[in-house]
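Since every read-out is calculated from the coordinates, none of them should be taken as a lab result. Model, not experiment: these values are computed from the prediction. In this analysis, Cβ positions are derived from the backbone assuming ideal geometry, glycine residues included, and neighbour counts consider all displayed protein chains.
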Amino acid sequence: MTLYAALSVDLDEIPCYAAIHGIESQGLSAVHAVYDKAIPRYEELLDKEGIRATFFTIGSDLSREENAATIARLCAAGHEIANHSYSHFYDLTRRDRDVIRNDIAMGAREIERVTKKKPVGFRAPGYTITDTVFEVLEELGVEYDSSVFPCPSYFAAKSAAIAAISFRGRKSRSIVDDPRVLFAPADPYRVGKPYWKKGRGLLELPIGVTRDATARLPYIGTSVVLWGEPAAKQLTRAIIGRPFVNLELHGIDLSDAEQDNLDFLRPHQPDLRKTFVQKSSALRAAIHQLRDAGYEFVTCAEAAAKLH
């Protein structure tokens, strides 16, 4: 059996993190740090490793000409550009169905305008998804989703962080998912109703978690890069064996607080306490370990085609 791995990068810009932490976004410096600083680092790393990744793109960001040029360049280089909604509403799932449909469709149209290719994949803001969103995705002809994150420790940490922000008198825009998502399959599956059960619906490529015997720990950018190479290797050992490893990253995972003028965010964003050099080293260690275990790196769209 061929083992597949994908690197998928959510291109949430700095104001998204201000919204998560309840910080005023107006007047923030380095609001384009992900596009202007982090993406070139990803390009260099991916080129050196010979990997083509999937970049989940927020449609509204493409109104900036520099961002549109960056996405067009990534697409021309063979990377997949997938849909991360138009507005990145953290509470998208709590809005009217028409709002959900329009926002997802607008995101896809903006990506197609820039790349001349219709995106085939979708990831919901904050990984939060519902049966209604899946129905909309099927109506719009989306080929796969990659939002389900069946990770108990992440769910608990996210809930605690939102509560702590509220306790400090701020309001986070982030919301928690239905806890029953924790019972969803951790390997690719076709969704049923409810979406955390298998069925005959859209193909789901879940966010990476370690094997069930290791408590489904989060195998995402933050956990891989935060504690350095030794922890990255331990986490990777704990996920090896899954038929598909979906290592979900964010642009900020290769940001550098000092070089990118993000010191204001460092107290709230633990991974910014590491330099991008330290973080890229940990990420490379994970990539090499997956390769040594026999994993073939593909885009999410390629994985969907192979696993359908």
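Fraction of C-alpha pairs exceeding 23 angstrom in the chain: 53 percent, rounded to a whole number. From least to most packed, judged by other beta carbons within 10 angstrom and beginning with the fewest, Trp196, Trp227 follow the order Trp227, Trp196.
Taking trypsin sites (Lys or Arg not before Pro) across the stretch 95-179, the ones in a DSSP loop with at most 16 further Cβ atoms lying within 10 angstrom of their Cβ are Arg95, Lys116, Lys117, Arg168, Arg170, Lys171. Give Lys48/Lys158; Lys37/Lys274; Lys37/Lys171; Lys116/Lys193; Lys233/Lys279; Lys48/Lys118 a once-over and call out the pairs whose C-alpha atoms are over 24 Å from each other. Beyond 24 Å: Lys48/Lys158; Lys37/Lys171; Lys116/Lys193; Lys48/Lys118. Each stretch of four or more DSSP H residues adds -39500 (n - 2.57); spread over every residue of the chain, this sum gives -11500 deg cm²/dmol at 222 nm. Computed over the stretch 154-308, the convex hull of the alpha-carbon atoms projects to a mean area of 10.3 nm².
Every pair of different Cα atoms in the stretch 1-116 enters the Kirkwood calculation, which places the hydrodynamic radius at 15.2 Å. Ranking of Ser8, Ser172, Ser166 by neighbouring Cβ atoms within 10 Å, starting from the fewest: Ser166, Ser172, Ser8.
When the Cα positions of Ala215, Ser255, Trp227 are compared along the charge dipole of the stretch 180-272, Ala215 comes out farthest toward the positive end, with charges on each C-beta of Lys, Arg, Asp and Glu. Please report the antiparallel percentage of the DSSP beta bridges confined to the chain, to the nearest 5. Counting only bridges with both partners in the chain, antiparallel ones make up about 15 percent. From least to most packed, judged by other beta carbons within 10 angstrom and beginning with the fewest, Met1, Met106 follow the order Met1, Met106. From the P(r) of the stretch 203-249, could you give the percentage of C-alpha pairs in the tail past 14 Å? Of all Cα-Cα pairs in the stretch 203-249, 43 percent lie more than 14 Å apart.
Rg and Dmax of the stretch 36-195, based on Cα coordinates, read 16.7, 46 Å. Considering the chain as a Gaussian network with a 10 Å cut-off on Cα pairs, which listed residue, Thr130, Thr214, Thr222, attains the greatest mean-square fluctuation? Judging by the Gaussian network model, the answer is Thr214. Diagonalising the gyration tensor over the Cα atoms of the stretch 111-193 and scaling each eigenvalue by 5 before taking the square root yields semi-axes of 28, 18, 10 Å, largest first.
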